Amino acid sequence: MDRVILIKYGELSTKKGNRNFFINTLYNNLVNKLKKYDVVIKKDRARMYVTFNDKQLEEIKKVIDNIFGIHMYHIAYIIESKEEDIKNKVLEIVTKEKFKSFKVETKRCDKNFSIHSQDMNQLLGGLILKNIKGVKVDVHCPELLVKVEIREKKTFVYLNAFAGSGGYPVGTQSKGMLMLSGGIDSPVAGYLAMKRGVTLEAVYFEAIPHTSLDARNKVISLTKKLSKFTNYINLHIVNFTPIQEAIYKNCREDYCITIMRRMMYRIMEIIVRKHGGKVIVNGESIGQVASQTLTSMAVINSVTNIPVIRPVACLDKLEIIDLARKIDTFDISILPYEDCCTVFVPKHPVINPREDVALVEEEKFDYQAMILEAVENINTIKVSEEESEFVDLL
């Protein structure tokens, strides 16, 4: 074993009594995501170590990049904590690099090691200057940074630093139910919720034949993209057609979107409670559309006591698009298949709805019975990167 992936926790290290829980959750997530690779994973309170097959390194890095709870990782050489071994390894690896300036940073974790950190920096720096022509030390902005971590039995030497996804490991928070449409915003909201450790399930409201199977498949594809950040995501598909048709047949046109969203929230509350969730997650962004003004949010939100988390609420559209591109959902989201939120948009939806008016309009049809029927006939798909398990969808 010559090299190892050295994982640093970042925000996890700020935890005190719960630290082991966070580290163990990250460990289990790594094990699950890397189970098809030839790896061995070890952990302690400060670091995690992944031994790997060199031929699989690039694939493994791609997986690690999408695991929340990792601040940074390095591909580190492992040697004995002996002065000569450290000197030989540092000279060996820097000789392969092209650089004009460098800096050595030593961290002496083992205080019994005879050479202090600053002295080791000077020793290794002098060694590099002596053996490599045309280079100089630059302590402020070096082209090459040589990091040395001296521990009790082993020393780690590395040159590289790869940024992790940060956040908390998925599973360190309770379950949230994501209102997943085919748009740009809701997948980003789901990603951000998972980044804070939320275990995620998704709910899609469809209105066939007004929406198409292509629209459903689009949402399944988005769910698959999100599943790369966790093990799998259950996608619950709600037949919203009868409710939506009743709304547009019986209610004031300008209030149709408001009432439609209120019905969705009522359904979401039932689903959340049924599946042991704690919050509703959605992609609402303040002021983006008529149903997302603060007045609209208040009127719509009033039908549920379940907390609603809106991770993109204060982001502008360009910021959301940048995140959608980052997580590779943007190109799917812009496919031209309408969902039930866009297929029946009125010409002039109310921007500042009144709750008393919404209540009067809702009394024009038996929505409670229709909601119960919709919930009783939900279809669920277990979606992962590798496959999707369909259950009685048609």
Checklist entry - Of the residues in segment 200-217, how many are crowded, with 20+ Cβ neighbours inside 10 Å and out of contact with any His (no Cβ under 9 Å at 6 or more places or on another chain)? => result 7
Checklist outcome for this item: When segment 135-157 is checked residue by residue, the ones that are touching a His at 6+ places or on another chain (Cβ under 9 Å) and either surrounded by 21 or more Cβ atoms within 10 Å (Cβ to Cβ) or not assigned by TED's automatic domain parsing to the domain that holds K61 (or both) are F156
Next on the checklist: So S333 passes all but one of these: (1) more than 28 Å from I208 (Cβ to Cβ); (2) small (G, A, S); (3) buried (at least 18 other Cβ atoms within 10 Å of the Cβ). Which condition number does it fail?
Outcome noted: (1)
Next on the checklist: Which condition from (1) buried (at least 17 other Cβ atoms within 10 Å of the Cβ); (2) without any contact (Cβ under 8 Å) to a residue 24 or more places away in the chain is the one that L12 breaks?
Outcome noted: (2)
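Conditions (1) surrounded by fewer than 21 Cβ atoms within 10 Å (Cβ to Cβ); (2) under 29 Å from V63 (Cα atoms); (3) hydrophobic (A, V, I, L, M, F, W, C); (4) in the same structural domain as K224 (by TED's automatic domain parsing), marked per residue:
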residue	(1), (2), (3), (4)
P242	yes, no, no, yes
A246	yes, no, yes, yes
E253	yes, no, no, yes
I259	no, no, yes, yes
R262	no, no, no, yes
K274	yes, no, no, yes
I286	yes, no, yes, yes
I309	yes, yes, yes, yes
L318	yes, yes, yes, yes
Item to check | From I41, I7, I78, residue being within 16 Å of G166 (Cβ to Cβ), assigned to a strand (DSSP E or B) and modelled with pLDDT of 95 or more | outcome: I7
Checklist entry - Before we move on, is S181 hydroxyl-bearing (S, T, Y), touching a Gly at 6+ places or on another chain (Cβ under 9 Å) and at pLDDT below 95? => result yes
Checklist entry - What about K61, is it surrounded by fewer than 20 Cβ atoms within 10 Å (Cβ to Cβ), under 27 Å from I233 (Cβ atoms), in the same structural domain as D110 (by TED's automatic domain parsing) and in contact with a helix residue (DSSP H, G or I) (Cβ under 6 Å, 6 or more places away or on another chain)? => result no
Next on the checklist: Whether any residue in segment 101-116 is in a helix (DSSP H, G or I), at pLDDT 95 or above and either among the acidic types (D, E) or not assigned by TED's automatic domain parsing to the domain that holds L34 (or both) is what I want to check.
Outcome noted: no
Next on the checklist: Please verify whether A324 is closer than 20 Å to I300 by Cβ, surrounded by 14 or more Cβ atoms within 10 Å (Cβ to Cβ) and at pLDDT 95 or above, treating the condition exactly as stated.
Outcome noted: no
Item to check | Breaking point among (1) at pLDDT 95 or above; (2) closer than 22 Å to Y158 by Cα, for A46 | outcome: (1)
Checklist outcome for this item: Only one of (1) touching a helix residue (DSSP H, G or I) at 6+ places or on another chain (Cβ under 9 Å); (2) closer than 20 Å to V188 by Cβ; (3) part of a loop (DSSP other than H, G, I, E, B) does not apply to C314, and that is (1)
Checklist entry - If you scan segment 198-219, which residues turn out to be within 20 Å of I320 (Cα to Cα) and either touching a Phe, Trp or Tyr at 6+ places or on another chain (Cβ under 8 Å) or among the β-branched types (V, I, T) (or both)? => result V198, K218, V219
Checklist entry - From D138, D119, D110, which residue is in contact (Cβ under 8 Å) with a residue 40 or more places away in the chain and charged (D, E, K, R)? => result D110
Next on the checklist: Looking at segment 73-80, can you tell me whether even one residue there is over 20 Å from the mean Cα position of the chain (by Cα), farther than 23 Å from I327 by Cβ and exposed (fewer than 15 other Cβ atoms within 10 Å of the Cβ)?
Outcome noted: yes
Checklist entry - M177 fails exactly one of the following numbered conditions: (1) part of a loop (DSSP other than H, G, I, E, B); (2) under 30 Å from S227 (Cβ atoms). What is the number of that condition? => result (1)
Checklist entry - Taking segment 352-394 on its own, how many of its residues are among the β-branched types (V, I, T) and either at pLDDT below 95 or part of a helix (DSSP H, G or I) (or both)? => result 5
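The values are calculated or read from the model by the stated rules, or taken from the named source; none is laboratory data. Not measured: the values here are computed from a predicted model. Positions of Cβ are generated from backbone atoms using ideal geometry, with glycine treated the same way; all protein chains shown enter the neighbour counts.
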